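The values are calculated or read from the model by the stated rules, or taken from the named source; none is laboratory data. Everything quoted here is computed from the prediction, not taken from an experiment. Reconstructed Cβ throughout: ideal geometry from the backbone, glycine too, with neighbour counts over all protein chains shown.
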Amino acid sequence: MLTPIAIAGYIALFAALGIGFLFINLLVGRLVRPNLPNKEKLEIYECGEPTIGSSFVQFDLRFYVVALLFIIFDVEVAFFFPWATVYGKATQLSDPRLAVVQDVGGQLTYTDAAIGIQRELGFTKFADLTSQSAADATAALQGAAQQMAFVSMCDILVFFSVLLVGFFYVWKRGDLDWVRSIRSQRTQAPPVEISTKTKARSIFDRDTAISP
């Protein structure tokens with residue numbers, strides 16, 4: 001079982017390797033790549049959009065909509081990670097192949113694996129095994145783990161259903177389309193009535209253009 005100091009050490013090592021990898025690539029690129037600046041290279045490039053006007057001109061509104069939808073659905077995905085941890089640990093604890101209880105000197109105690117999983121799930125107090133048999137203690141712990149896994153599965157289904165409802169809502173509205181179609185708006189628009197005088201004038205102009 002990893003101690004908090006070991007976990008902090010692994011996180012620090014991962015961060016140091018990531019930062020070092022980034023700076024090494026930047027340094028190698030600076031030393032190797034050719035340096036040939038010109039007018040086209042020094043121009044502002046923003047997602048393929050040509051720069052028109054001054055910097056005070058507002059950017060395309062479609063970028064704002066896409067970025068907002070990305071943030072909304074991307075942040076919710078982060079909640080899947082703690083759920084996956086709880087569900088995985090609960091499923092692991094309810095596995096019949098896992099040794100949960102052991103007999104040490106005629107006294108029942110939880111195994112190191114069972115204690116570690118319970119602590120990772122947030123349990124600080126453990127059930128008293130003095131008045132229970134090994135089978136009863138194992139069945140009680142595995143039953144509680146199965147119930148936790150079932151509840152967590154129901155919770156994530158409700159959470160994911162809400163996300164799907166929001167996704168289909170923005171899809172139906174056409175917010176996921178880069179360019180919205182105006183065909184439906186044209187079909188719903190009332191037809192424009194053309195007066196008889198306008199029709200006669202257009203026919204006269206057409207005949208005049210055709211005649212030599």
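Do any residues in the range 147-167 that are touching a residue at least 60 places away in the same chain (Cβ under 8 Å) and surrounded by 14 or more Cβ atoms within 10 Å (Cβ to Cβ) have Cβ atoms under 7 Å from those of residues that are among the polar types (S, T, N, Q) and part of a helix (DSSP H, G or I), where the two are at least six apart or on different chains, and which pairs are they?
Correct list of pairs: Ala149/Thr91.
So which residues in the range 1-17 are in a helix (DSSP H, G or I) and loosely packed, with under 10 Cβ neighbours inside 10 Å? Spell out how you get there, then give the answer.
Initial filter on the range 1-17 (in a helix (DSSP H, G or I)): 4-17.
Selection gives Pro4, Ile5.
Which ones in the range 134-164 are over 15 Å from the mean Cα position of the chain (by Cα) and closer than 30 Å to Val66 by Cβ?
First pass over the range 134-164, keeping only residues over 15 Å from the mean Cα position of the chain (by Cα): 134-155, 157-158.
Answer for the range 134-164, where residues must be over 15 Å from the mean Cα position of the chain (by Cα) and closer than 30 Å to Val66 by Cβ: Asp155, Leu157, Val158.
Select from the range 111-142 the residues that are modelled with pLDDT of 85 or more and of a type in the set (Ser, Thr, Tyr) and write down the one among them that is surrounded by the fewest Cβ atoms within 10 Å (Cβ to Cβ).
Thr111
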